[in-house]
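Working notes, beginning with the structure itself.
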Amino acid sequence: MNPVTEKIKMVCASKNIPAEELAANAGLAVEQIELIFNSEKIPSLSSLIKISRALGVRLGTFLDDNENMGPVVNKNSRQSSPVTFTSHLTNDNSHIDFFSLAASKSGRHMEPFLIDIKPSGSSKMTPSSHEGEEFLYVLKGSITVLYGSDKFVLNTGESIYYDSVVEHLVISASDEPAQVLAVVYTPN
């Protein structure tokens, strides 16, 4: 079982919240919660945000390695293992690997990530939405951001800041991988 799922189960157990109640409070289907509980894969970022809100904990609770009150310094972001979020009931969107840049910082309200985006090819992509805001800065390559009915193509050195409540999807704009620095903010 992955550590994120284990932490979700621990919080549910400590608060005596069954899967059905968690699903109702998070606005997810019971099948989604059961799949999350029984999967080796990490749920989508959107689902994880909804679960954290339903449980009354910050998103970082599920991503933290350990608690550090002081500053967190990363000399090499590749030292951590990537997190690949899945999409609800499918493996859609597993083309993105997230490297947390502040997993050991306690009490944080922002989630900074280094994200590797693999070319999606012909695989199915599913937009997501959740509370909060996101900032993306393209470090390498080009990305396409589908945001509501709009489409933005961003190249190295370009950025976008958007409200995450609008359905969005980030993919490589070409057959080449891309890399972005992302900061996700979720309100408490």
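No value in this document is a laboratory result; all are computed from the given coordinates. All values reported here derive from a predicted model rather than from experimental measurement.
A few points about this structure:
- The range 121-188 shape via C-alpha gyration tensor axes, a/c threshold 1.5: oblate
- Prolate/oblate/rounded call for the range 3-63, Cα gyration tensor, a/c under 1.5 rounded: rounded
- Averaging the Cα positions of each part gives two centres, and for the range 6-58 and the range 137-158 these lie 30 Å apart.
- Lysines with Cα under 29 Å of residue 105, excluding same-chain neighbours fewer than 8 positions away: 7, 9, 15, 41, 50, 75, 118, 140
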